[in-house]
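My structure is below; once you've seen it, I'll send some questions.
The values are calculated or read from the model by the stated rules, or taken from the named source; none is laboratory data. Since we're looking at a predicted model, the values are computed, not measured. Every residue, glycine as well, gets a Cβ built from its backbone with ideal geometry; the counts of neighbours run over all protein chains shown. Ligands, DNA and RNA are stripped out before the accessible areas are found, and what is left, the full protein with its side chains, is counted by its heavy atoms. Shrake-Rupley method; radii C 1.70, N 1.55, O 1.52, S 1.80 Å.
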Amino acid sequence: QVQLVESGGGLAQAGGSLRLSCAASASTFSRYAMGWFRQAPGKEREFVAAYNWASRYYADSVKGRFTISRDNAKNTVYLQMNSLKPEDTAVYYCAVSDGSNLYHPRGYAYWGQGTQVTVSS
């Protein structure tokens, strides 16, 4: 069992920045691929970014604006969000991959509780 706790969400203006953090309880954190997803009201949960041991992956909608990173010594994964847009407004979730599909929620075994990001125009 892995517990994940997200933080760093909040309110930002369009064009601004936020950095999300996700702290994991597992001492074996470095073995896991990690992902970020988001879910806006009335919409399905969608892939944002993922980081396995060697590569980073991004949704087209955030490519060039968001950066995923991780600090294995702190058991933490980050999502730096720049040039925010109102359409980035959603609850953001971090998750631990089960090794299957990095781009789909079904490919993740553990989830955090989510953190709200609201971008005003």
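Quick one: is ARG56 charged (D, E, K, R), open to solvent by 10 Å² or more (accessible area, probe 1.4 Å) and over 18 Å from SER7 (Cβ atoms)?
Yes, satisfied.
Follow-up. Any idea which residue in region 73-103 is least open to solvent (accessible area, probe 1.4 Å), counting only those that are among the small types (Gly, Ala, Ser) and in contact with a helix residue (DSSP H, G or I) (Cβ under 7 Å, 6 or more places away or on another chain)?
Among those that are among the small types (Gly, Ala, Ser) and in contact with a helix residue (DSSP H, G or I) (Cβ under 7 Å, 6 or more places away or on another chain), it is SER97.
Of the residues ALA33, ALA40, which single one is closer than 15 Å to VAL2 by Cα and surrounded by 13 or more Cβ atoms within 10 Å (Cβ to Cβ)?
ALA33
I've got another one for you. Cβ contacts < 7 Å: first residue over 13 Å from TYR32 (Cα atoms), restricted to region 71-94; second residue assigned to a loop (DSSP other than H, G, I, E, B) and among the aliphatic types (A, V, I, L, M), any location; separation 6+ or different chain. Result?
LEU84/ALA14; LYS85/ALA14; PRO86/ALA14; THR89/ALA40; ALA90/ALA40
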